[in-house]
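*Asks:* Below you'll find the structure I mean.
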Amino acid sequence: MAIYDTKIVGKNPVADGTMELLLEKPAALKYRAGQFFDIILTAKPGAEKSSYVHGFSFASAPCEPNLVAATRMRGTPFKNTIRDLPIGTPVKIDAVFGSFTLHKDTKVPAVFIIGGVGITPVRSIIAQSTHDQSGHQLALIYANDTPARAPYVNDLKGFAKANPNFHFVQTFTQAPGGDEHGRVDAAMIKRHVQDIMAPIYYLSGPAGMVRATRETLMGMGVDEDNIRTEEFEGY
């Protein structure tokens, strides 16, 4: 991997309790939609690594001008520090990592079953596919507890309008207002996936949800080789 110099160029709330961080994109950095990177802050003497290094999926697509990450703002030393850093602060990033990327065969559909801030790599993937007009058939079942806690919904709605190959479904476990209501289960998947055995499935979000959804899919007969996962711990 390589270390790049960059700086913070923006911070935005993207949902209740979730902050988006914008970084200047280093000219030499190349990445694929769905990959991730580490942000490295200036370390205090004797500090634990977790207080100054943290991994983030690229929420931005390679076609977009800045690097974007998003995180639930819990009271950890790293998140407290980055919350308080002023715009323009230099930071370093270590990149790139990960293989949670869109398969290349456009004849094979992709189904994303995602919880909460696990949407970040998927936002990147769908944004890039829409930009490239890749031709992939994409479906996203996006689960959150309430609408206020759901990051990037407006972006996803915009991609759905721009990309006729992208089908976007929202479900909420604690509030009305979605296309569905409740946790993702086999019946919900069947309502939105015409041929259960055809797609490659991408699961991202809290570890418990990812593991439960993987078990659901395998119980439906989906080949485990067609299930790709990314667990978000500590978000």
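The values are calculated or read from the model by the stated rules, or taken from the named source; none is laboratory data. Owing to the predicted nature of the structure, the values given are computational and were not obtained by experimental measurement. Here Cβ is always computed from backbone atoms with ideal geometry, including for glycine, and neighbour counts include all displayed protein chains.
*Asks:* Can you work out which of the residues in region 118-145 that are among the aliphatic types (A, V, I, L, M) and over 13 Å from Gly34 (Cα atoms) is surrounded by the most Cβ atoms within 10 Å (Cβ to Cβ)?
*Replies:* Looking at residues that are among the aliphatic types (A, V, I, L, M) and over 13 Å from Gly34 (Cα atoms), I get Ala143.
*Asks:* Can you name every residue in region 136-171 that is assigned to a strand (DSSP E or B) and farther than 15 Å from Ala110 by Cα?
*Replies:* Ala143, Asn144, Gln170, Thr171
*Asks:* Give all pairs with beta carbons closer than 8 Å in which a residue from region 175-194 that is assigned by TED's automatic domain parsing to the domain that holds Arg149 meets a residue that is of a type in the set (Lys, Arg) and exposed (fewer than 14 other Cβ atoms within 10 Å of the Cβ); count only pairs at least 6 apart in sequence or on separate chains.
*Replies:* As it stands, the answer is Glu180/Arg191, since those pairs meet every condition given.
*Asks:* So, one more: Considering region 63-105 alone, what residues qualify as being of a type in the set (Gly, Ala, Ser), within 17 Å of Asn12 (Cα to Cα) and under 13 Å from the mean Cα position of the chain (by Cα)?
*Replies:* Ala69, Ala70
*Asks:* Still on this structure, I have one more. Checking Lys104 against (1) under 21 Å from Lys30 (Cβ atoms); (2) assigned by TED's automatic domain parsing to the domain that holds Val184: exactly one of these is not met. Which one?
*Replies:* Of everything listed in (1) under 21 Å from Lys30 (Cβ atoms); (2) assigned by TED's automatic domain parsing to the domain that holds Val184, Lys104 misses just condition (2).
*Asks:* Against the condition outside any loop (DSSP other than H, G, I, E, B) and small (Gly, Ala, Ser), how does Gly177 come out, does it pass?
*Replies:* no
*Asks:* Identify the residue in region 146-184 that is surrounded by fewer than 14 Cβ atoms within 10 Å (Cβ to Cβ) and charged (D, E, K, R) and, among all such residues, is nearest to Thr213 (Cα to Cα).
*Replies:* Applying the filter and picking the extreme gives Lys157.
*Asks:* Here is a further query. Look at Ile87 and say whether it is at pLDDT 95 or above, more than 23 Å from Val222 (Cα to Cα), touching a strand residue (DSSP E or B) at 6+ places or on another chain (Cβ under 7 Å) and surrounded by 14 or more Cβ atoms within 10 Å (Cβ to Cβ).
*Replies:* Working: at pLDDT 95 or above: yes; more than 23 Å from Val222 (Cα to Cα): yes; touching a strand residue (DSSP E or B) at 6+ places or on another chain (Cβ under 7 Å): yes; surrounded by 14 or more Cβ atoms within 10 Å (Cβ to Cβ): no.
Considered against the rule, which asks whether it is at pLDDT 95 or above, more than 23 Å from Val222 (Cα to Cα), touching a strand residue (DSSP E or B) at 6+ places or on another chain (Cβ under 7 Å) and surrounded by 14 or more Cβ atoms within 10 Å (Cβ to Cβ), Ile87 comes out as no.
*Asks:* Another question, then. Working only within region 71-115, note down all residues that are in contact (Cβ under 8 Å) with a residue 60 or more places away in the chain, more than 23 Å from Arg228 (Cβ to Cβ) and β-branched (Val, Ile, Thr).
*Replies:* Of everything in region 71-115, those that are in contact (Cβ under 8 Å) with a residue 60 or more places away in the chain, more than 23 Å from Arg228 (Cβ to Cβ) and β-branched (Val, Ile, Thr) turn out to be Thr76, Ile82, Ile87, Thr89, Val91, Ile93.
*Asks:* For region 48-70, name all the residues that are surrounded by fewer than 17 Cβ atoms within 10 Å (Cβ to Cβ), within 19 Å of Phe159 (Cβ to Cβ) and without any contact (Cβ under 8 Å) to a residue 60 or more places away in the chain.
*Replies:* Pro65, Asn66
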